[in-house]
Amino acid sequence: MDADGATLAVLFAQISGGTALYESRGDSGATDAVNEALAGLKGAVLKHHGTVVKTVGDQLIAHFGSADHALQAASAMQAFMRGRSDKLALEAGFNVGPVIRENQDVFGDTVNLAARLASMANPRQILTTRQSVDRLSPFLRSTCRSLYATTVKGKADKILVYEAVWQQDKGTTVVGDPDAAGVSTLASLKLSYRGKTWDMDEDRDALAAGRDPASDILVAGDKVSRHHARFFLRQGKFVVADQSANGTYVRVQQRAEVQLNREEFILLGRGSIGLGQSVAELGEDAISFEIG
């Protein structure tokens, strides 16, 4: 039945690398590879309770009843594409909002913005919006990080663009199919600050940081709250949770810095954390972390 104004999560998945493949394999071989990849993407949509709207060339469009299912499907797609040997990659974007459904197709601002996000994404990247992140369950929301604000044609206000971090730098899947190969439980977290270190694992699964003398990691500074942040282990993942007035800043290796405001973030790989100030401003006074 056609519906006007239904709220859906719309996902655009664009296969990249096809041009080089056509040059190396020829039309027939490249077409077969792209079609095989599209079949895998369709499988991810169906597995995560979505509906394939259509495929156009090397692009797939789908919709879902929830933001969680859209993100899980996009992450499963990325994991599937990562395992291919033909160097094809995936650029994905999803957005949640009202859509117009006519027959089997979807239209409207929500769809247009999802398409725009996919066009902005780098290979192996999933982009979304703040409004979509707000609709995610807490665990999946913690895997998303703010990137930048940008103008979009037809929108008066800037759009806040977020990235869903679906894998660690070592290739471990973070979001998506919990049964997928490659999902692993993190063994330990090492935190370092001013020459001192703290190790977290299943036996020591929580630490507090702030100005309060009772804090495990005592950090001075006029922008540091007494009970500024918590580190804890949840479902095999190490999480930092901001509970401050001035925010907590997280930089994972060479990725863009994320500012948390009463939010949580899953720590990945290695990086630095600033309490109340950016990591760049704090320099050596930032807390460093490394997942072991």
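The values are calculated or read from the model by the stated rules, or taken from the named source; none is laboratory data. Here the structure is a predicted model, which is why all the values come from computation and not from measurement. Note that we place each Cβ from the backbone using ideal geometry, even for glycine, and neighbour counts take in every protein chain shown. Keep in mind that these areas ignore ligands, DNA and RNA; they rest on the heavy atoms of the full protein, side chains included. Shrake-Rupley method; radii C 1.70, N 1.55, O 1.52, S 1.80 Å.
Is it the case that Ala209 is within 19 Å of Glu284 (Cα to Cα) and surrounded by 12 or more Cβ atoms within 10 Å (Cβ to Cβ)? Considered against the rule, which asks whether it is within 19 Å of Glu284 (Cα to Cα) and surrounded by 12 or more Cβ atoms within 10 Å (Cβ to Cβ), Ala209 comes out as yes. Of all residues in the stretch 112-135, those satisfying the criterion of being open to solvent by 30 Å² or more (accessible area, probe 1.4 Å), within 18 Å of Asp58 (Cβ to Cβ) and touching a residue at least 60 places away in the same chain (Cβ under 8 Å) are Ala115, Ser119, Pro123.
Residues considered: Glu257, Glu264. Of these, the only one that is within 24 Å of Asp134 (Cβ to Cβ), open to solvent by 20 Å² or more (accessible area, probe 1.4 Å) and either touching a Lys or Arg at 6+ places or on another chain (Cβ under 7 Å) or of a type in the set (A, V, I, L, M, F, W, C) (or both) is Glu257.
Of all residues in the stretch 138-167, those being open to solvent by 40 Å² or more (accessible area, probe 1.4 Å) and either assigned to a helix (DSSP H, G or I) or at pLDDT 85 or above (or both) number 4. Of the candidates Gln78, Gln14, the single residue that is crowded, with 17+ Cβ neighbours inside 10 Å, under 27 Å from Ala156 (Cα atoms), touching a strand residue (DSSP E or B) at 6+ places or on another chain (Cβ under 7 Å) and not aliphatic (A, V, I, L, M) is Gln14. Only one of the numbered conditions (1) part of a helix (DSSP H, G or I); (2) over 28 Å from Glu257 (Cβ atoms); (3) charged (D, E, K, R) is not met by Asp86, and that is (1). Elements of the type strands (runs of 3 or more DSSP E) sitting completely within the stretch 183-267 and holding at least 3 residues that are more than 20 Å from Glu163 (Cβ to Cβ) and not aromatic (Phe, Trp, Tyr): these cover 189-193, 196-200, 206-210, 229-234. Any residue at all in the stretch 3-11 that is closer than 16 Å to Pro123 by Cα and either open to solvent by less than 60 Å² (accessible area, probe 1.4 Å) or in contact with an Asp or Glu (Cβ under 7 Å, 6 or more places away or on another chain) (or both)? The answer is yes, given that some residue of the stretch 3-11 is closer than 16 Å to Pro123 by Cα and either open to solvent by less than 60 Å² (accessible area, probe 1.4 Å) or in contact with an Asp or Glu (Cβ under 7 Å, 6 or more places away or on another chain) (or both). Over 29 Å from Arg101 (Cα atoms), buried (at least 21 other Cβ atoms within 10 Å of the Cβ) and over 21 Å from the mean Cα position of the chain (by Cα): does that describe Ala30? Considered against the rule, which asks whether it is over 29 Å from Arg101 (Cα atoms), buried (at least 21 other Cβ atoms within 10 Å of the Cβ) and over 21 Å from the mean Cα position of the chain (by Cα), Ala30 comes out as yes. What do you reckon, is Lys42 open to solvent by 60 Å² or more (accessible area, probe 1.4 Å), farther than 22 Å from Phe139 by Cα, among the basic types (Lys, Arg) and not in a helix (DSSP H, G or I)? The answer is no for Lys42.
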